[in-house]
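The structure appears below as structure tokens.
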Amino acid sequence: MATLGIRHAVLWVTDPQASAGFYRRALGLEVTSRVGTAVFMASPESNTDHDLGLFVAAGDAAPARHVGLYHLAWEVATLAELAEAKVRLDAMGALVGENNHGTSRSLYCHDPDGIEFELMWEVPPELCDPDAVRNVPLDLDADIARWGADCLSRGARPVTRAAKP
């Protein structure tokens, strides 16, 4: 199994709002959502719900964090690949967490140096449910029963962009 490539980066920053303004001006990224103090942004040309996440590097949410990289996310094409990776990464002792984000299904892992990375499958836009629960335990068996093991992730599909005026 090879990944489709890096899907997004998440940074610990001192002020997510100020950083969002910077990345809007510097790279043309647009805010796609806000969750608490976190800001999620994407390129207008992107085929994902976010290319960049900005989390505050202080307070109760991240008491021991410093400004810098939180994690990079790598995308797989199918739920079957994510399920296979879960077994492999767990056997390697690398798996440290998992989550159903509503718009994606994620495994969180540490490399030998403790650097965190995410391996994820993103729900295709036509299957997204705006009322889906978010940040709940991952249930890959239920997702596979619902959509099929070979359902292609959002990133494995052709880029579809809205027509610009």
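Once both labels are positioned 7 Å from their Cα atoms along Cα-to-Cβ, the gap between MET1 and ASN135 label points is 2.6 nm. When only alpha carbons are used to place a centre, the stretch 1-62 and the stretch 71-117 end up 19 Å from one another. Just to verify a number: FRET efficiency for THR37 and ASP111, C-beta to C-beta distance, R0 = 41 Å, to 0.05? My answer for the efficiency is 0.90.
Other residues lying with their Cβ under 11 Å from the Cβ of ASP51 contribute a combined charge of -2, Lys and Arg counting +1, Asp and Glu -1. Only the Cβ atoms of Lys and Arg (+1) and of Asp and Glu (-1) were treated as charged; on that basis the dipole of the stretch 5-156 about its Cα centre amounts to roughly 440 debye. For the pair GLU30 and THR14, the difference between a 0.36 nm per residue extended length and the Cα-Cα distance amounts to 3.8 nm. Taking Lys and Arg as +1 and Asp and Glu as -1, the other residues whose beta-carbon sits under 12 Å from that of ALA149 total -4. For the stretch 40-133, the relative contact order works out to 22 percent when only alpha carbon pairs closer than 8 Å and six or more residues apart are counted.
Of the GluC sites (Glu not before Pro) found in the stretch 1-110, the ones in coil according to DSSP and having at most 16 other Cβ atoms within 10 Å of their Cβ are GLU45. This ranking places VAL31, VAL133, VAL96, VAL123 by how few other beta-carbon atoms lie within 10 Å of each, fewest first, which gives VAL133, VAL96, VAL31, VAL123. Of the residues LEU140, PRO125, PHE22, the one whose Cα sits farthest toward the positive end of the charge dipole of the chain, with +1 on the Cβ of Lys and Arg and -1 on the Cβ of Asp and Glu, is PHE22. Here the ratio of the Cα radius of gyration of the stretch 5-156 to 2.2 N^0.38 Å is 1.05. Considering only the chain, what is the antiparallel percent among its DSSP beta bridges, to the nearest 5? Here the antiparallel bridges make up roughly 75 percent for the chain.
Read-outs throughout are calculated quantities, based only on the coordinates presented, and are distinct from any laboratory measurement. Small disclaimer: the values here were computed from a predicted structure and weren't measured. Counting neighbours? That spans all protein chains shown, and the Cβs are built from the backbone with ideal geometry, glycine included.
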